[in-house]
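Beneath this line is the structure, given in structure tokens, with notes to follow.
A short reminder: the numbers here are calculations on the coordinates, not readings from a lab. Model, not experiment: these values are computed from the prediction. Using ideal geometry, Cβ is built from the backbone for each residue, glycine included, and neighbour counts are taken over all protein chains shown.
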Amino acid sequence: MNEISRGTDYRFRPMTALDLDAIVAIEPHIYSHPWTRGNFNDSLKSGHIAQVLEHHIVLIGYSLMMMVLDEAHLLNLSIAEHYQKRGLGRLLLEHMIQLAKGSGAANMFLEVRPSNISAIALYENIGFNEMAVRRAYYPAHNGREDAILMGLAL
């Protein structure tokens, strides 16, 4: 399956602590330096906007976003490895953009590794623009990796 059918097979819902087992099982398969259960739990406790994407009853994606005044900061946007390359990242990102707009955000920001070519392509396709480079932002196997700061006017 290359493209998703936007039928009822997929649904969004708020993330809860009960989702963390499934989420922390996905993280190490898609990231060299995955978020920990504690990272997700802290984000939930902080009241960040946290959503999961389900296919039937299986959790296949998730995203967290922090709101500060009229700015949305996308903290994590992830699709399980087996479900990637089907348009689901775009679907989840578009959902988070709508939630940001609904929360009064004028802009959305995110950081992305320069090595994450597919994510950069998705963000640019949606309309995000590179704003700056954050030097040595991410941990990497050989030290640190920069982050590209991207922004989108909503």
Which semi-axis lengths, in whole Å and largest first, follow from the square roots of five times the eigenvalues of the Cα gyration tensor of segment 72-142?
-> 20, 18, 11
Relative contact order of segment 64-154, pairs being alpha-carbon contacts under 8 Å that are 6 or more residues apart, as % | 28
Kirkwood Rh, Cα Rg: Rg to Rh for the chain?
-> 0.94
Residues with beta-carbon under 12 Å from that of residue 80, excluding residue 80: net charge, scoring Lys, Arg +1 and Asp, Glu -1?
-> -1
For the pair residue 90 and residue 118, how long in nm is the line joining their label points, each one 7 Å along Cα→Cβ?
-> 1.4
How high is the relative contact order of the chain, in percent, with contacts defined as C-alpha pairs under 8 Å that are six or more residues apart?
-> 19
If we count every other residue with Cβ under 15 angstrom of residue 111's Cβ, Lys/Arg +1 and Asp/Glu -1, where does the sum land?
-> -1
Between residue 107 and residue 29, what length in nm is gained on full extension when 0.36 nm per residue of separation is reduced by their alpha carbon distance?
-> 25.0 nm
Note down the nm distance, to one decimal, between modelled labels 7 Å out along Cα→Cβ at residue 132 and at residue 98.
-> 3.2
So, with points 7 Å from each Cα along the Cβ direction, the residue 125-residue 17 label distance in nm works out to 3.8
Fewest first, what order do 45, 85 take by the number of other Cβ atoms within 10 Å?
-> 45, 85
